[in-house]
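One structure below.
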Amino acid sequence: MQVEVASIVERMQAAGRNWESALDAHALAPPDADFPARLSALSEAAAEQAAAFELAAQGGLGWRSRSIDGEFRLAPELTPGMTRPGRQELWDRFDGAVAGLATALSGSSLDELTAAFSELADVSGTLASELRSSWRPARVG
């Protein structure tokens with residue numbers, strides 16, 4: 001499959017912007033009713049990243065590894081040790097997906113990046129779906 005490099009780069013840049021926007025939404029978010037929606041947006045952005053990396057691999061592009069210093073975290077409200085609503089086994093899987101993403105980012109395999117973003121998309125989407133129907137934020141005050 002012949003894919004134009006400029007088209008791939010454009011898609012990867014758009015996916016990157018959406019990924020950053022999804023992470024920004026989690027950065028300093030309060031524990032509110034929008035948590036499931038933020039997880040859903042993260043899932044969609046991760047899926048978009050996976051598709052962009054898959055397209056890049058098909059187009060023969062490469063990836064420059066990133067240095068991951070210290071513990072890799074997406075956002076404070078998604079960090080282990082924080083109060084995270086939902087089933088613990090899903091959060092354990094989420095934490096494993098984040099660790100897998102850190103490993104993939106520090107490597108050079110587009111296939112590994114695709115798989116890591118796909119797993120993160122799947123587990124964050126599952127969490128979002130479950131929380132939409134069951135989670136209510138605690139009242140403050």
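Laboratory data are not the source of any read-out in this text; all were calculated from the coordinates shown. This is a predicted model, so every value here is computed, not measured. FYI the Cβ positions are ideal-geometry reconstructions off the backbone, even for glycines, and counts take in every protein chain you see.
At-a-glance table
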quantity	calculated
Tensor-based shape of segment 20-100 (alpha-carbon gyration tensor, a/c under 1.5 rounded, otherwise prolate or oblate)	prolate
Segment 1-109, relative contact order [Cα under 8 Å, separation at least 6], %	34
Order of Leu55, Leu42 under a 10 Å beta carbon neighbour criterion, fewest first	Leu55, Leu42
Helical segments meeting 30 Å axial Cα length and Kyte-Doolittle -1.0 threshold in the chain (DSSP H)	5-27, 35-58, 110-134
Calculated log₁₀ intensity ratio I(q)/I(0) where the Debye formula runs over C-alpha points of the chain, q = 0.09, 0.13, 0.17, 0.20 Å⁻¹	-0.29, -0.57, -0.92, -1.20
Gaussian network model of the chain, Cα within-10 Å springs - most flexible of Asp92, Asp69, Asp34	Asp69
Directionally averaged shadow of segment 1-64, computed from the convex hull of its alpha-carbon atoms, nm²	4.7
Ascending count of other beta-carbon atoms within 10 Å, so fewest first, for Phe53, Phe94	Phe94, Phe53
For the chain, size of Cβ-based charge dipole, Lys and Arg +1, Asp and Glu -1, in debye	340
Likely footprinting exposure, Arg38, Arg17, fewest C-beta neighbours within 10 Å first	Arg17, Arg38
